[in-house]
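Participant: Please read through the structure below; I'll follow up with questions.
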Amino acid sequence: VSEAPAEAMPPLPERLRPIAPLGAPTVSRRLVLTEAMTMNAASMGMDFLINGKAFDMGRVDIVARAGDTELWEIVNQTDMDHPFHIHGTQFQVVERERDGRVARPPYLAWKDTANVARGETVRLLTRQDRPGSRMYHCHILEHEQLGMMGIVDVRA
């Protein structure tokens, strides 16, 4: 902590540098986010699911090929937002759809997390360039811990 005044921030440029689009996808994937009430003799709880499944560390959910451009369609069928995050890569959001209205973002940007509002579908383009296993998940810790997470295995 310092008593010195903070330095002034430089102004933002009039235009940000252009981002090249990833191009046409060779693979399409659909990930549906849902929730389910769980009950047993002792308690009630919630599961947060992707494609009807809770996370399993022993299961690979997606096998991808390094260098392929993929279209991921993230469909939120829950009553709350989910900030969707992919480890080890960045992506470009290309469309958002809600209540039958499709909107394209005003500019392309590299992201590693995109909020998927309740009832919304977010379409993103991604290209995994490095082989290996990594995670994708809701970035709300409780949702992640209750199952809204998966493994993508990128192969050369």
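Participant: Where in region 109-156 are there strands (runs of 3 or more DSSP E), lying fully within it, with 3 or more residues that are modelled with pLDDT of 95 or more, more than 12 Å from the chain's Cα centre (by Cα) and under 20 Å from residue 59 (Cα atoms)?
Facilitator: Per the criteria, 132-138, 149-155.
Participant: May I ask you to verify whether residue 102 is touching a strand residue (DSSP E or B) at 6+ places or on another chain (Cβ under 8 Å), surrounded by fewer than 18 Cβ atoms within 10 Å (Cβ to Cβ), over 21 Å from residue 132 (Cα atoms) and of a type in the set (A, V, I, L, M)?
Facilitator: yes
Participant: Okay, moving on. Which numbered condition in (1) surrounded by 11 or more Cβ atoms within 10 Å (Cβ to Cβ); (2) modelled with pLDDT of 95 or more; (3) not aliphatic (A, V, I, L, M) is the only one that residue 59 fails?
Facilitator: The failed condition is (1).
Participant: Taking the condition β-branched (Val, Ile, Thr), surrounded by 15 or more Cβ atoms within 10 Å (Cβ to Cβ) and within 17 Å of residue 25 (Cβ to Cβ), does residue 122 pass?
Facilitator: In short, yes.
Participant: Further question: From the set of residues in region 1-53 that are surrounded by 11 or more Cβ atoms within 10 Å (Cβ to Cβ) and hydroxyl-bearing (Ser, Thr, Tyr), which is modelled with the lowest pLDDT?
Facilitator: The extreme case among them is 38.
Participant: Mind listing just one residue for me: the one in region 62-80 that is crowded, with 16+ Cβ neighbours inside 10 Å and under 21 Å from residue 119 (Cβ atoms) and, of those, farthest from the chain's Cα centre (by Cα)?
Facilitator: 78
Participant: Just one of (1) touching a residue at least 12 places away in the same chain (Cβ under 8 Å); (2) part of a loop (DSSP other than H, G, I, E, B); (3) not hydroxyl-bearing (Ser, Thr, Tyr) trips up residue 106, so point out which.
Facilitator: Only one criterion is unmet by residue 106, namely (1).
The values are calculated or read from the model by the stated rules, or taken from the named source; none is laboratory data. These figures come from a predicted structure and were not determined experimentally. As a convention, Cβ positions derive from the backbone with ideal geometry for all residues, glycine included, and neighbour counts pool all protein chains shown.
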